[in-house]
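K.L.:
What follows is a single structure, and I will ask about it in a moment.
The values are calculated or read from the model by the stated rules, or taken from the named source; none is laboratory data. This is a predicted model, so every value here is computed, not measured. All Cβ positions, glycine included, derive from the backbone under ideal geometry; neighbour counts span all protein chains shown.
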Amino acid sequence: MQRGERTSTDRVAYAGISQPRVSVHLSCLIDCGYTNARRDGRKLRHFVGDPRGADSSCWPAPCPRTTPPP
């Protein structure tokens, strides 16, 4: 995850995946406590909440929202 506050649109440009997919991932990261968000007008600005969230290699498991059931 990029450092600093970014909108989901910024993250779409960085990751090269669809807006809905980015939004789902960001929601999951917020639920897991890795990131936080603050409202800036109509936009949400996302930022790392837990410093370990900046390093994706430490994420314990795939997000249940984005992982299809077996």
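K.L.:
Note down all Cβ pairs under 7 Å where the first residue falls in region 13-32 and is in contact (Cβ under 8 Å) with a residue 12 or more places away in the chain and of a type outside the set (Asp, Glu), the second is outside any loop (DSSP other than H, G, I, E, B) and surrounded by fewer than 16 Cβ atoms within 10 Å (Cβ to Cβ), and they're at least six residues apart or on different chains.
P.N.:
Val22/Ala15
K.L.:
Kindly indicate whether Pro20 is surrounded by fewer than 13 Cβ atoms within 10 Å (Cβ to Cβ), modelled with pLDDT under 85 and outside any strand (DSSP E or B).
P.N.:
no
K.L.:
Among what's in region 27-70 and is touching a Ser or Thr at 6+ places or on another chain (Cβ under 6 Å) and assigned to a helix (DSSP H, G or I), pick the residue that is modelled with the highest pLDDT.
P.N.:
Leu29
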